[in-house]
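These notes are about the structure you will find just below.
The values are calculated or read from the model by the stated rules, or taken from the named source; none is laboratory data. Please read these numbers as outputs of a predicted model, since none were measured by experiment. With ideal geometry, Cβ positions are generated from the backbone for all residues, glycine too; neighbour counts draw on all protein chains shown. Surface accessibility is based on the protein's heavy atoms, side chains included, excluding ligands, DNA and RNA. Shrake-Rupley method; radii C 1.70, N 1.55, O 1.52, S 1.80 Å.
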Amino acid sequence: MPVPPAQPAIIDGFAALAPHYDVVLCDVWGVVHNGVRAFDHACDALTRFRAGGGTVLLITNAPRPAGVVVRLLDKLEVPHAAYDGIVSSGDVTQDVMLARRDQRVFTIGPQRDLPTFTELGIKFAPAESADYVVCTGLFDDDRESPENYRELLMRLRQRNLFMVCANPDLVVERGERLVYCAGSIADLYASLGGEVLYAGKPHRPIYQTALAKAAAVRGAEPRLDRVLAIGDSVRTDLTGATGFGIDCLFVTAGIHAEELGGRDNPDAKLLASIFDDARIYPKAVTRRLVW
């Protein structure tokens, strides 16, 4: 177990850390954009890192394949110069579904996610006759909470259906508010005794895929001590990086901003508390990803 530092260093800019790393695995939602607009300062920092010879892979729990994520980032005006590639939990989910091509799937999630699956030639079925479940989110994340799904999940559990969680995040920022994600549904299903495979962070497969892409870009496999994860979630980003054996730069102005006392001036004691509670610690802390 890591030895707790007295206090993770709070840095004003990424430039101080950048020379110590060759590869950055950067979270997207909450670090690079908030679902409504791109953060220019974050895009600039990643672009500068690449200009200095670094490689940037955006690693996201978005339940859509990388090609779809690129189009979403284009709409938010995230420049291509800020990253070398994207790895999404949607990519991992598609692999699982293709391996079960002969089975019928029941999906939980918004209508916008369905094209991701229909192009695979997968057979769909209602909850009463499906062979397994894929959860990409809530049907209506503007109005619903996980508790709205308890009865449905109990019926799925009675049939012992296996669930693939295409987005392990519990919540995500949309503008200035938080909305529930697929991870909140999957965690409730797991608490009812259901079997769940989490396709994204903090689990190893998405990191292994990202490092394989980084190796392809650089022409050699990167050393783990020269790889840095950047993210705003203790549960996914910090836990995933620590479990994989890489350093993490923790961004406070993301999903933990309110519980830390605000986006601009996080409370040091509250910050230390969330790391102590999780028993994991980042390499450093920054308010926002800036150069």
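Observations
- Tail beyond 18 Å, pair distance distribution of the range 1-147 (Cα, percent): 65
- log10 of Debye I(q)/I(0), alpha-carbon scatterers only, for the range 19-89 at 0.21, 0.23 Å⁻¹: -0.83, -0.99
- Per residue, the chain reaches -9000 deg cm²/dmol at 222 nm when only DSSP H runs of four or more residues are counted, each adding -39500 (n - 2.57).
- Dipole check for the chain: with +1 at the C-beta of Lys and Arg, -1 at the C-beta of Asp and Glu, and the Cα centre as origin, the magnitude is about 540 Debye.
- If a spin label sat at a point 7 angstrom from the Cα of A215 along the line to its beta carbon, the backbone N atoms of the range 66-105 nearer than 19 Å would be those of 84-88, 92.
- Candidate lysines - alpha carbon under 17 Å from K213, same-chain residues fewer than 8 apart omitted: K201
- Rounded, prolate or oblate (a/c below 1.5 giving rounded, otherwise prolate when a/b exceeds b/c) for the range 192-259 by Cα gyration tensor: oblate
- Two numbers describe the Cα atoms of the range 100-143: Rg and Dmax, which are 10.6, 34 Å.
- For the pair Q158 and A99, a Förster radius of 30 Å applied to the C-beta separation gives a FRET efficiency near 0.75, rounded to the nearest 0.05.
- When the chymotrypsin sites (Phe, Trp or Tyr not before Pro) in the range 116-207 are filtered for DSSP coil states and for at most 16 other beta-carbon atoms within 10 Å of their beta-carbon, the remaining sites are F139.
- Working ranking of peptides 208-214, 96-102, 236-242 by packing, defined as the average number of other Cβ atoms within 10 Å per residue, highest first, is 236-242, 208-214, 96-102.
- Apportionment of accessible area to carbon and sulfur, the range 64-135, percent (1.4 Å): 52
- Considering only the chain, percent of DSSP beta bridges that pair antiparallel, nearest 5: 10
- Semi-axis lengths (Å, descending) of the ellipsoid that matches the C-alpha gyration tensor of the chain: 32, 21, 17
- A 1.4 Å probe, protein heavy atoms only, puts the accessible area of R159 near 100 Å².
- Reduced Cα scattering model of the range 94-177, Debye log10 I(q)/I(0), q = 0.22 Å⁻¹: -1.15
- Cα-based reach from K269 at 18 Å (exclusive), listing lysines while leaving out same-chain residues under 8 positions away: K283
- Mean accessible surface per residue for the range 141-185, computed with a 1.4 Å probe while every protein chain stays in place, in Å²: 50
- Calculated on the Cα set of the range 54-114, radius of gyration then Dmax: 13.6, 43 Å.
- Ratio of Rg to Rh for the range 147-227: 1.14 [Cα atoms; Kirkwood radius as inverse mean 1/r over pairs].
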